[in-house]
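Data block below; observations after.
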Amino acid sequence: MKSEAEVKTNYRVKKQKSIARIFSNHMLLTGLVIIVIMAIISVLAPFIAPYDPYAIDPLNRLKPPSVEHFFGTDDFGRDLFSRVIYGTRISFFIGAVVAILAGVIGLIVGLISAYYSILDHILMRIVDGIYAFPSILLALAIVAVRGPDVVNVLIALVIVYIPSIARVVRSAALVVKEQTFVEALNAQGASKWRVLVIHTIPNLLSPLIIQVTFVFAVAIITEAALSFLGAGIPAPSPSLGNILFDGKNVIYHSWWMTVFPGSFIILLVLGLNLAGDGLRDLLDPKIVNAKRKKSRLIKTGKKVGRHGQQ
């Protein structure tokens, strides 16, 4: 039996190694820095924006970037920097809400499908039917039926991205379901809900979190595309897609109308994708084991391939 001091020492060593792994994961750190900066900009938009994003000033129409207007002005004389800041806030909010709702509903659907074979056939056929449509077309059809509105955009995007999360959760749950500890719990008479909530869900968090980060990124792109097509956030709301739509007619002589909102979309998506890739490298057992094997082989002086093969 290990003494209490040895247990504490081992725990402290494992904690230090986990922290070291996080700080050595440059993709994850870069993504998190970008996401945090964008989140701060979104939360503090009313304090950062120097002008009212809706204020029209025809005399300053399509002014280039200057000290007075950092990103220039649009075709109505509105300050583009203020509109981009508020547009980032809208995109971040919609992406976060879609990721959370789709993640929760997809988790429930995936778990039910994995553990109840009768419902599995019904739910997975519905999921396959939704998954068969291109995401932008399905979202466009839903918003076209319900009308362009923030709530309707959220509903459309949640419906579109539930299948991708449900399929990942179902696959992971089927693997966990066959584990020895689950069979032991079933043999001891543990209820199915206890097995699901207490023992299965914690083992699904890694793939779920990774998939949610990618849904977060894709939802931002889809929302911008819907707004650009006129089926997303209704004008004159300062959505990044709306700003790009306003800039497409003046792109040749007012480049700032498309460059700045497009750059913010790229930064948002880049940060989320980097964070997702970093989390995958950090949490995926196969990748973690391959890196450990590679590290051991390097220490022993043996040659290793790209994926840790000797």
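Mind checking which residues of segment 43-75 are hydroxyl-bearing (Ser, Thr, Tyr) and assigned to a loop (DSSP other than H, G, I, E, B)? Before the answer, list the steps.
Kept after step one, since they are hydroxyl-bearing (Ser, Thr, Tyr), are these residues of segment 43-75: 51, 54, 66, 73.
Within segment 43-75, Tyr51, Tyr54, Ser66 qualify.
One residue is enough: does segment 149-168 have a residue meeting the conditions among the charged types (D, E, K, R), part of a helix (DSSP H, G or I), closer than 24 Å to Leu80 by Cα and out of contact with any Cys (no Cβ under 6 Å at 6 or more places or on another chain)?
Scanning segment 149-168 turns up no residue that is among the charged types (D, E, K, R), part of a helix (DSSP H, G or I), closer than 24 Å to Leu80 by Cα and out of contact with any Cys (no Cβ under 6 Å at 6 or more places or on another chain).
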For segment 238-270: of the residues being in a loop (DSSP other than H, G, I, E, B) and not small (Gly, Ala, Ser), which is surrounded by the most Cβ atoms within 10 Å (Cβ to Cβ)? Pro238
Assigned to a loop (DSSP other than H, G, I, E, B), of a type in the set (Gly, Ala, Ser) and at pLDDT below 90: is that true of Ala172 in this structure? no
Report yes if Arg21 is touching a Leu at 6+ places or on another chain (Cβ under 9 Å), in a helix (DSSP H, G or I), at pLDDT below 90 and of a type in the set (Lys, Arg), otherwise no. yes
Search segment 28-57 for residues that are under 15 Å from Ala96 (Cβ atoms) and pair each with any residue that is assigned to a loop (DSSP other than H, G, I, E, B) and not small (Gly, Ala, Ser) when their beta-carbon atoms are under 9 Å apart and the residues are at least 6 apart or on different chains. Ala45/Pro53
Quick one: Pro134 ticks every box in (1) closer than 30 Å to Val250 by Cβ; (2) surrounded by 23 or more Cβ atoms within 10 Å (Cβ to Cβ) bar one, so which box is it? (2)
Do any residues in segment 249-261 that are within 15 Å of Phe81 (Cβ to Cβ) have Cβ atoms under 6 Å from those of residues that are small (Gly, Ala, Ser), where the two are at least six apart or on different chains, and which pairs are they? Trp256/Gly72; Met257/Gly247; Thr258/Gly247
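Would you say Leu208 is in a helix (DSSP H, G or I), under 30 Å from Gly278 (Cα atoms) and either aliphatic (A, V, I, L, M) or out of contact with any strand residue (DSSP E or B) (no Cβ under 9 Å at 6 or more places or on another chain) (or both)?
Numbers: in a helix (DSSP H, G or I): yes; under 30 Å from Gly278 (Cα atoms): yes; either aliphatic (A, V, I, L, M) or out of contact with any strand residue (DSSP E or B) (no Cβ under 9 Å at 6 or more places or on another chain) (or both): yes.
Yes; evaluated as a whole, the condition is true for this residue.
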For Pro234, only one of the following conditions fails: (1) surrounded by 17 or more Cβ atoms within 10 Å (Cβ to Cβ); (2) over 20 Å from Ala217 (Cβ atoms). What is its number? (1)
Taking the residues in segment 102-130 that are under 18 Å from the mean Cα position of the chain (by Cα) and surrounded by 18 or more Cβ atoms within 10 Å (Cβ to Cβ) as candidates, determine which candidate is farthest from Ser227 (Cα to Cα). Leu107
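The values are calculated or read from the model by the stated rules, or taken from the named source; none is laboratory data. Given the structure is predicted, the values throughout are model-derived calculations rather than measurements. Backbone-built Cβ (ideal geometry, glycine too); neighbour counts: all protein chains shown.
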